[in-house]
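Chemist: Got a structure for you, written out below as structure tokens; questions coming shortly.
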Amino acid sequence: LFLFIVLAATFLAGSVSNLVTVMGAVDHFLDTANTPDIIIIALEERLEKFLDESNFVSEYEVLDMRAVSGDEIEIVRCQKEPGKKKYEKGNTLAIGTVPENFSKVFDGEGNTLDLKRGEVAVAKLQAQSNDLQVGDVIKITLSGRSLELTIKSIAKDAVFGSQMIGFKRLFLNQEDYEYLMGEEPYVHILVYNVNCLREGQEAFLKEYRRSNFKVLSVVEKSTIKMTYIFDMLIAGILIVVSVCLILISFLILRFTILFTMQE
């Protein structure tokens, strides 16, 4: 019984340590990626003038991206599943260049992505759902132009990398991206990374809501952190199980003492 209590207490300590580690890792991941205070995703809606005139914005950056439909991307070579062609893009898939200042992405070793022509970085969940790995080849066809791109890295995307966010990104070299865009008109996905002045985030959001812009979504940094709740939930469940084991051990101890006294 004593050994059982010791093991349960050790399990509890390990579970608490795991939860603290996961929470700290998420915070560090978001800070390293330079996640902004607010992310606004819009279709064609230009917000530059509003952001320039706002008294609550310290800095912002605009990322121009292009949505990719299911028939515009396919798998050319897949080492895990030869002959596979269909690419499962999920909810929304967009292509763009590697961010430089905000919402950064990293390779498998945690280094900043450096893509050359003919290379692409695929987000981790996208790679898992399509059985893709480094060295595989995908083909993107936009505006009548096609490119076969070799996967150089499985990207770690702090902002859009969790399972609860349906918006995913593929990253291309700047020249490849400009080539695929062509000269035909297309729908822009504009991602605004906005940092607010100290204590000015709530005031900015109130000012923004009064302007009635037509955007896809507005996400705060705290919300992005909560999208990793499933990773924290597992650690929380282990803590609950540990506590239950300790309670069971004390219940057995009480029963043993009472039984001995009655005997």
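The values are calculated or read from the model by the stated rules, or taken from the named source; none is laboratory data. Since this is a predicted model, take the numbers as computed values, not measurements. In this analysis, Cβ positions are derived from the backbone assuming ideal geometry, glycine residues included, and neighbour counts consider all displayed protein chains. We work out accessible area using only protein heavy atoms, side chains counted, and drop any ligands, DNA or RNA first. Shrake-Rupley method; radii C 1.70, N 1.55, O 1.52, S 1.80 Å.
Chemist: What number of residues in the range 51-88 are out of contact with any helix residue (DSSP H, G or I) (no Cβ under 8 Å at 6 or more places or on another chain) and among the β-branched types (V, I, T)?
Modeler: 4
Yes or no, residue by residue, for (1) modelled with pLDDT of 85 or more; (2) of a type in the set (K, R); (3) farther than 30 Å from G161 by Cα:
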position	(1), (2), (3)
N193	yes, no, no
L197	yes, no, no
Y208	yes, no, no
S217	yes, no, no
T223	yes, no, no
A235	no, no, no
L245	no, no, yes
L251	yes, no, yes
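Chemist: Scan the range 112-136 residue by residue and report those that are open to solvent by less than 50 Å² (accessible area, probe 1.4 Å) and either of a type in the set (S, T, Y) or over 23 Å from G161 (Cβ atoms) (or both).
Modeler: Of everything in the range 112-136, just one residue is open to solvent by less than 50 Å² (accessible area, probe 1.4 Å) and either of a type in the set (S, T, Y) or over 23 Å from G161 (Cβ atoms) (or both), namely G118.
Chemist: Okay, next question. Looking only at residues that are loosely packed, with under 13 Cβ neighbours inside 10 Å and charged (D, E, K, R) in the range 176-199, which one is farthest from T97 (Cα to Cα)?
Modeler: Going through the qualifying residues, I end up with E199.
Chemist: How many of the residues in the range 67-77 are surrounded by fewer than 19 Cβ atoms within 10 Å (Cβ to Cβ) and modelled with pLDDT of 85 or more?
Modeler: Result for the range 67-77: 4.
Chemist: I'd like the full set of residues that are open to solvent by 20 Å² or more (accessible area, probe 1.4 Å) and among the polar types (S, T, N, Q), limited to the range 150-175.
Modeler: Correct list: T150, Q163, N173, Q174.
Chemist: Kindly indicate the residue of the range 15-37 that is open to solvent by less than 60 Å² (accessible area, probe 1.4 Å) and without any contact (Cβ under 8 Å) to a residue 40 or more places away in the chain and also farthest from the chain's Cα centre (by Cα) among those meeting that condition.
Modeler: The qualifying residue farthest from the chain's Cα centre (by Cα) is G24.
Chemist: Restricting attention to the range 38-61, report how many residues are within 23 Å of K225 (Cβ to Cβ) and either of a type in the set (K, R) or open to solvent by 40 Å² or more (accessible area, probe 1.4 Å) (or both).
Modeler: So the answer is 4.
Chemist: Please verify whether the range 27-39 includes one or more residues that are among the hydrophobic types (A, V, I, L, M, F, W, C), over 21 Å from K221 (Cα atoms) and either in contact with a helix residue (DSSP H, G or I) (Cβ under 6 Å, 6 or more places away or on another chain) or at pLDDT below 90 (or both).
Modeler: No - not one qualifying residue is present in the range 27-39.
Chemist: Which of the residues belonging to the range 1-51 are closer than 17 Å to I237 by Cα and among the aromatic types (F, W, Y)?
Modeler: The one that is closer than 17 Å to I237 by Cα and among the aromatic types (F, W, Y): F11.
Chemist: Restricting attention to the range 83-111, and to residues there that are of a type in the set (S, T, Y) and closer than 18 Å to L142 by Cβ, which single residue is least open to solvent (accessible area, probe 1.4 Å)?
Modeler: Here the residue is Y87.
Chemist: Looking only at the range 217-263, which residues are within 30 Å of L190 (Cα to Cα) and part of a loop (DSSP other than H, G, I, E, B)?
Modeler: Listed by number, the residues that qualify are T227, Y228.
Chemist: Across the range 56-98, what is the total count of residues that are touching a residue at least 40 places away in the same chain (Cβ under 8 Å) and in a loop (DSSP other than H, G, I, E, B)?
Modeler: Qualifying residue count for the region: 13.
Chemist: Within the range 205-247, take every residue that is in contact (Cβ under 8 Å) with a residue 12 or more places away in the chain and more than 30 Å from A25 (Cβ to Cβ) and give me the one that is nearest to the chain's Cα centre (by Cα).
Modeler: Per the stated criteria, the residue is V215.
Chemist: Give the residues of the range 114-142 that are in a loop (DSSP other than H, G, I, E, B), under 18 Å from A94 (Cβ atoms) and not aliphatic (A, V, I, L, M), sorted by residue number.
Modeler: Answer for the range 114-142, where residues must be in a loop (DSSP other than H, G, I, E, B), under 18 Å from A94 (Cβ atoms) and not aliphatic (A, V, I, L, M): just N130.
Conditions tested, residue by residue: (1) in a helix (DSSP H, G or I); (2) not small (G, A, S).
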{"position": "S162", "(1), (2)": "no, no"}
{"position": "I165", "(1), (2)": "no, yes"}
{"position": "F171", "(1), (2)": "no, yes"}
{"position": "D176", "(1), (2)": "yes, yes"}
{"position": "Y179", "(1), (2)": "yes, yes"}
{"position": "V194", "(1), (2)": "no, yes"}
{"position": "E207", "(1), (2)": "yes, yes"}
{"position": "R210", "(1), (2)": "yes, yes"}
{"position": "F213", "(1), (2)": "no, yes"}
